[in-house]
Structures are given as structure tokens and as C-alpha cells.
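Engineer: Once you've had a glance at the structure underneath, I'll fire off some questions.
The values are calculated or read from the model by the stated rules, or taken from the named source; none is laboratory data. All of these numbers come straight from a predicted model, not from anything done at the bench. All Cβ positions, even for glycine, are placed from backbone atoms using ideal geometry, and neighbour counts span all protein chains on display. Just so you know, the surface numbers come from the protein's heavy atoms only, side chains and all, with ligands and any DNA or RNA stripped out. Shrake-Rupley method; radii C 1.70, N 1.55, O 1.52, S 1.80 Å.
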Amino acid sequence: MDKFEEFGKRIDEEFARIKSIKNFEDFGKRVDEELERVKSFVKEEVAPETEKRTAQFLREISEKLAEVVAWIEARNAARNAQNDQRPPAAQPPQNPPSS
């Protein structure tokens, strides 16, 4: 059975269920059942995949942050090495005090 036929069958089943609702109490029970089904689906299907994707995203971010840290440290090391190689700056001559 292809997906379209399966979808049609599910629609027919749901329509039959809706037609079987006779009063407001049955409607409330049906809503409660559907809410439980949705909660179960989210807990069992959506949450694990979301957690998996979140973990992968955080790993990627962690790698990028490590690259940025290495770049900043290399830049600071180069700057410090350059400053160490410069001779101390000459002090400007001081003017003698006026008398």
C-alpha cells in the first residue's frame, strides 16, 4: 500500500471515529485520548530526535569555539612576540626647568 492509500485509509478511520461521537462526554474522552497520543508521540519520537540534533549542534559549536580560541591565542602570542622584539621606546628628552 503506498503512502497515499495509507493516508486515505487513516482519514476514513478518523472520520468514522468522529461520526461515532454521540455526545459531549464522548467528545471530551476523544480529546483526552488524542492528547495522550500526541504527548506519547512527542515523548517517544520527537524528543529523542531533537536531543540528538541538539547534541550534534552543540558539538559543532564547541568545535567552532575551540577554533576561535586558538585563533585569539595565536594572535596574542604573535603580538607579544612582536612586542618582546622591539627595543624599549626612547624616552623623550625632558626640558630643563625654567628659572
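Engineer: Quick one: is Glu60 open to solvent by 80 Å² or more (accessible area, probe 1.4 Å) and modelled with pLDDT under 90?
Structural biologist: Values: open to solvent by 80 Å² or more (accessible area, probe 1.4 Å): yes; modelled with pLDDT under 90: no.
Spelling it out, it is not the case that Glu60 is open to solvent by 80 Å² or more (accessible area, probe 1.4 Å) and modelled with pLDDT under 90.
Engineer: Do the conditions hold for Lys29, that is, is it surrounded by 10 or more Cβ atoms within 10 Å (Cβ to Cβ) and under 32 Å from the mean Cα position of the chain (by Cα)?
Structural biologist: No.
Engineer: Which condition number does Ile21 fail, the rest of (1) surrounded by 10 or more Cβ atoms within 10 Å (Cβ to Cβ); (2) in a helix (DSSP H, G or I) being met?
Structural biologist: The single condition Ile21 does not satisfy is (2).
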